[in-house]
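First comes the structure, then the notes that go with it.
The values are calculated or read from the model by the stated rules, or taken from the named source; none is laboratory data. None of the values given here were measured: they were computed from a predicted structure. For neighbour counting, all protein chains shown are included, and Cβ atoms are generated from backbone atoms with ideal geometry for every residue, glycine included. To get the accessible areas, we keep the full protein, side chains included, count just its heavy atoms, and leave off ligands, DNA and RNA. Shrake-Rupley method; radii C 1.70, N 1.55, O 1.52, S 1.80 Å.
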Amino acid sequence: MRLAETVLSFELSNDPIATQRFLAEQGWLQDDERVVDVAKAGEGNMNRTLRATTDRRSLILKQSFAWCAKFPDIPAPIERIATEVAFYEVARRAPALASHMPAILGFAPEDHVAMIEDLGAGSDLLSLYSGDSLREGELSTLGFLARTLHALPLSAQETQTLRNHAMRVLNHEHIFDLPLRPDNGLDLDAVTPGLSELAAEARRDRAYVAGVARLGEIYLRADGPALLHGDYYPGSLLRTERGLFIIDPEFAFPGPPEFDLSVLVAHLVFAGGAPDETVDDVLAAYEVGVDRALVEAFAGAELMRRTLGVSQLPVASDLARKRAWLDTSRRWVHGWAGSGC
C-alpha cells in the first residue's frame, strides 16, 4: 500500500502524450520534437526512473516521491532528487569525474523531476553478485573516482545544501538500527531458514550492537570532510561502452571518506571477495591514506544490514555463507571498537 503523497501537478508514467506535454511545458524539447515511447529504466529502490524516447534522442526522467519506489510502505524524503542534482553540479567541477557521470539536462523542483543524460546501452554491476567479475582496470577506476570526488572542496553553502539529513535519518535506521532491533517484524527465516537465529546471536553480542550504534552516530552526525556518493555499490555503477559511470547519488552527504570505501568493500565481499584481501585491494586502488579500521567497521555494518535487513541483495547464498558474512561483520566492528576509536 502506497503512503499518502505530496500533491504533484505531474507524475511520471508510461504515457507518451502526458510526458510530451510535461517536457514541452518545461521547455525541455527541441522544436517539433515528439515523444514516441516511455518505458521503465532500471530497478532502483528509491525513485521512479523512466526512459523517454523521442523521434531524435532518448532521455532519462527521474522523479522522487514521499516513499521508496521499491518499498511503497517506507516513507522517504521527497526532496532527495534535489540533493542528487546538487551533487552532480558540484561533482562536475572536476572534468575527470564529470566524464564518468551523466549530465543533468533539466530539473523541475516543484514536481521533483530531473531530466538526465541517457548513457545508452550498458548494465549496472549487480551482475557481480551472480558470477561476473570486475574487469581489468575497473577497480583502479573506482578508486580514482572516489578519490577525486572526496578531494573536491565544498563551500559552507554547499555543505549545508548537501547535508541530506533526512535521507541520512532514513538510511541510518535501515543500516544501524532496524536489523539489530529485536522487534523489527522481519521474517528472516522466510528469506533463509535459520537466519533468525543468526540475527539473535548478533543481538546477544552487546559489544557488537554498541559498536554498530557508535558507527551510526558517526554517520548521522557527520559534516565532512569529504563529499560522499553515499551508496557506492554495484547498483550505482554502470558499465557502458564509454567506461564506468556513477549514478544515483541521492544518499550523498559530506562525511568521512571511509564510508564510501566501506560500502564498496562490503559489496565486493558479497560478490565473492575474500574479506581482508578485498580491503587491501580497495585501499590500494584509492591510493590515499584512510582509517582502515573505520573502513572495516562501516563495511561490517553494511554486511550485517544487507544480510539481516530489508534491502536484501540478489545473491544466491545459504545459511553458512550468511554466517560467514556476519562473522566478518562482528570481527571488523569489534576490531574497530576495541582499538579505542
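Computed values, structure above
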read-out	value
Top-ranked residue in region 136-175 [being charged (D, E, K, R) and without any contact (Cβ under 8 Å) to a residue 12 or more places away in the chain; ranked as farthest from PRO225 (Cα to Cα)]	GLU136
Any chance ASP132 is open to solvent by less than 20 Å² (accessible area, probe 1.4 Å) and among the acidic types (Asp, Glu)	no
Residue in region 58-73 that is in contact with a Pro (Cβ under 9 Å, 6 or more places away or on another chain), closer than 19 Å to LEU29 by Cβ and surrounded by 18 or more Cβ atoms within 10 Å (Cβ to Cβ) present	yes
Single residue of region 235-250 satisfying the filter (in a strand (DSSP E or B) and of a type outside the set (A, V, I, L, M, F, W, C)) that is nearest to PRO77 (Cα to Cα)	ARG239
Residue among TYR208, TYR232 that is part of a loop (DSSP other than H, G, I, E, B), modelled with pLDDT of 95 or more and surrounded by 13 or more Cβ atoms within 10 Å (Cβ to Cβ)	TYR232
Sole exception among (1) within 18 Å of the chain's Cα centre (by Cα); (2) surrounded by fewer than 16 Cβ atoms within 10 Å (Cβ to Cβ); (3) of a type outside the set (A, V, I, L, M); (4) outside any helix (DSSP H, G or I) for PRO102, by number	(2)
Candidates LEU139, LEU149, LEU170, filtered to the one that is open to solvent by less than 30 Å² (accessible area, probe 1.4 Å) and modelled with pLDDT of 95 or more	LEU149
Criterion (modelled with pLDDT under 95 and of a type in the set (S, T, N, Q)) met by exactly one of SER329, SER311	SER311
Residue in region 116-124 that is assigned to a helix (DSSP H, G or I) and not charged (D, E, K, R) present	no
Inter-residue pairs, beta-carbon under 8 Å, first over 21 Å from GLY120 (Cβ atoms) and in region 90-109, second in a loop (DSSP other than H, G, I, E, B) and open to solvent by less than 10 Å² (accessible area, probe 1.4 Å), 6+ apart	VAL90/LEU162
